[in-house]
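The values are calculated or read from the model by the stated rules, or taken from the named source; none is laboratory data. Computed from a predicted model, the values in this text were never measured in an experiment. No Cβ is skipped: glycine too gets one built from the backbone with ideal geometry, and neighbour counts run over all protein chains shown. Just so you know, the surface numbers come from the protein's heavy atoms only, side chains and all, with ligands and any DNA or RNA stripped out. Shrake-Rupley method; radii C 1.70, N 1.55, O 1.52, S 1.80 Å.
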Amino acid sequence: MKNEFTLTIYSEDQLRLINKLSSMFIRKQVAILSLNMSLCEIENMYRHTIVVNETLDTVTNLSAQIEKIIEVYKCFYSTKEQIVSREVALFKIPTVVFMANTTIESLLQENSIKISEIQKEYTILEATGTDEEIISLTEKLNNFGLIEYVKSSRIALMQSPEGFCAEN
């Protein structure tokens, strides 16, 4: 049975890794649901967070091959229950709706939404949450004339008292 897994890969080389990972995922016919690359707590090291929907066997095999074939320091795989993850979303709604509707204020407070920018024609809101929370919020904001929205890729940390350095 397929489940959602988050792969966390540590490497020094960002550009060649993406090319190699892309080739491996295409060859294995594994779709990437989310991809994030960023610097991490270790100097000159990158953390790559990749979300896939696959079987445990496929993910275990993929993780082992990433460590063996591609030059990375470590590749972890985790289920949703083993990580703390968040995404950021920006929402654009008409300012006239934002100013005239009192129920939107309670929606902002209930969901810890920040107002990023107010212009004459539109207002930009910023929210941070899980994928499910962002999807639910998008559905709610559709009722207020949502003009546009964009969501970031997932960032995640393992639920462990130690980080990558302590585990190696």
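Quantify, in whole percent, the carbon and sulfur part of the accessible surface of the chain (1.4 Å probe; protein heavy atoms only).
Using a 1.4 Å probe with all protein chains present, the chain comes out at 51 percent carbon and sulfur.
Cα gyration tensor of segment 74-161, axes a ≥ b ≥ c as square roots of the eigenvalues: rounded (a/c below 1.5), prolate (a/b > b/c) or oblate?
Judged from the Cα gyration tensor, segment 74-161 comes out prolate (a/c at least 1.5, a/b above b/c).
Which of the GluC sites (Glu not before Pro) found in segment 1-46 are in a DSSP loop and have at most 16 neighbouring Cβ atoms, other than their own, within 10 Å?
In loop regions of segment 1-46 (DSSP not H, G, I, E or B), the sparsely surrounded GluC sites (Glu not before Pro) are Glu12, Glu41, Glu43.
Between Ile115 and Ile135, what length comes free when the chain is fully extended (0.36 nm per residue of separation minus the Cα-Cα distance, one decimal in nm)?
So the extension gain works out to 5.4 nm.
Using only the Cα atoms of the chain, build the gyration tensor, take square roots of its eigenvalues as a ≥ b ≥ c, and label the shape rounded, prolate or oblate: rounded if a/c is under 1.5, else prolate if a/b is larger than b/c, else oblate.
In terms of gyration-tensor shape, prolate.
Pop out the ³J(HN,Hα) list for segment 148-158 in order, Karplus 6.51 cos²θ - 1.76 cosθ + 1.60 with θ = phi - 60°, rounded to Hz; leave Gly and Pro as x.
3J(HN,Hα) across segment 148-158, in whole Hz: 7, 8, 9, 10, 7, 7, 6, 10, 8, 10, 6.
If you count only protein heavy atoms with a 1.4 Å probe, what accessible area per residue comes out for segment 1-159, rounded to a whole Å²?
Using a 1.4 Å probe on heavy atoms only, each residue of segment 1-159 averages 59 Å².
Subtracting the Cα-Cα distance from 0.36 nm times the residue separation, let me have the gained length for Ala31 to Leu15 in nm, one decimal.
Result: 3.8 nm gained on full extension.
Under the classification rounded if a/c is under 1.5, otherwise prolate if a/b is larger than b/c and oblate if not, where does segment 15-86 fall, given a ≥ b ≥ c as square roots of the Cα gyration tensor eigenvalues?
Cα axes put segment 15-86 in the oblate bin.
Counting only other residues whose beta carbon sits under 15 Å from that of Glu117, what net charge do I get with K and R as +1, D and E as -1?
Around Glu117, the charge tally is 0.
Could you list which residues have their amide H under 5 Å from that of Cys40, counting only those 5 or more apart in sequence or on another chain, with H placed in the peptide plane?
Met45, Arg47
At 1.4 Å probe size, with no ligands or nucleic acids counted, give the accessible surface of Ile118 in Å², nearest ten.
Here the accessible area works out near 90 Å².
Within the chain, count lysine pairs with alpha carbon atoms under 28 angstrom apart where the residues are 8 or more positions apart or belong to different chains.
So the count of such lysine pairs works out to 29.
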